[in-house]
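J.: I'd like to ask you about the structure that follows.
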Amino acid sequence: MTLIDGKAVSAAVKERIKKEIEEKNLKIGLAVVIVGTDQASRVYVNNKKKACEFCGITSYEYALPEETTEEQLLELVDKLNGDGNVNGILVQLPLPNQIDEKKIIERINPEKDVDAFNAVNVGKIMIGDYSFLPCTPAGVMELIKSTGTEISGKECVVIGRSNIVGKPMAMLLLHENATVTVCHSKTRNLKEVCSRADILVSAVGKAGFVTADMVKEGALVIDVGMNRNAEGKLCGDVDFNSVKDKCGFITPVPGGVGPMTIAMLMENTLRAGKLQSL
């Protein structure tokens, strides 16, 4: 079994971005909007700021109070859409109940939508003609490629069908000529389906959900889950200790997919800046 080191792969991506920004003397800006005081969101936003600093991207933070209205947030998005210094806009989810997430996402200019959640960008991913990819699936693809594994012709299984990870993940694998099965809560014979996978991606959000009997001998296993186990310890969807002896490659949690998500956000922001300057 080989451990896929997300920290090392993400460091290489950020290094590449930093170098390009320095060499071409690019001015790139990312606006991050956070509403309320959700602790996990705050940690993410701080990590994004650190990554921006490292890469040479200017980060603009807008921390709004919990009681911000939908109207106020839409006004801010409009302002950022029109701001020439801002190449990427990221509204940290989840948002408080009084705000409709879908409305906010749809209001972000697709050319500045570095999360690739806007319906325009989602549609482009579907047809394979995209500028941006959602950060987590894009990070997963980098991790798979870092192992030297050929994706074309492989049997791939994605557990989870969320708009943020599961669905775009399936599309990206399909664009690389894999045969893809998407599993979810209504899938029958889940164990049997998963154990056929040469590449297994779990994004289900349940600690220890994927056990050794669901994994094919020598498979490449990507664990997107970020959960807490009974002891409150951070863990993934995959029962790491039982699966590690059976698979060929596996990502750890933490230190696997997590760092890649932020690295790919930097990649999207750089791309947005370059596209807007054409």
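The values are calculated or read from the model by the stated rules, or taken from the named source; none is laboratory data. The model shown is predicted, which means the values in this text are computed figures rather than measured ones. Cβ sites come from the backbone with ideal geometry, for glycine too, and all protein chains shown count toward neighbours.
J.: Collect the residues in region 37-70 that are modelled with pLDDT under 95, surrounded by 13 or more Cβ atoms within 10 Å (Cβ to Cβ) and outside any helix (DSSP H, G or I), keeping them in residue-number order.
T.: 38
J.: On to the next question. Could you check residue 131 against (1) within 22 Å of residue 215 (Cα to Cα); (2) of a type in the set (Ser, Thr, Tyr); (3) in contact with a helix residue (DSSP H, G or I) (Cβ under 9 Å, 6 or more places away or on another chain) and say which number it fails?
T.: Going through (1) within 22 Å of residue 215 (Cα to Cα); (2) of a type in the set (Ser, Thr, Tyr); (3) in contact with a helix residue (DSSP H, G or I) (Cβ under 9 Å, 6 or more places away or on another chain) one by one, residue 131 breaks only (1).
J.: Just checking, which of 151, 164, 144 is modelled with pLDDT of 95 or more, assigned by TED's automatic domain parsing to the domain that holds residue 206, of a type in the set (A, V, I, L, M, F, W, C) and part of a loop (DSSP other than H, G, I, E, B)?
T.: Testing whether each residue is modelled with pLDDT of 95 or more, assigned by TED's automatic domain parsing to the domain that holds residue 206, of a type in the set (A, V, I, L, M, F, W, C) and part of a loop (DSSP other than H, G, I, E, B) leaves just 151.
Residue-by-condition table, conditions (1) closer than 24 Å to residue 278 by Cα; (2) exposed (fewer than 14 other Cβ atoms within 10 Å of the Cβ); (3) in contact with a Pro (Cβ under 8 Å, 6 or more places away or on another chain):
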residue	(1), (2), (3)
81	yes, no, no
142	no, no, no
162	no, no, no
168	no, no, yes
179	no, no, no
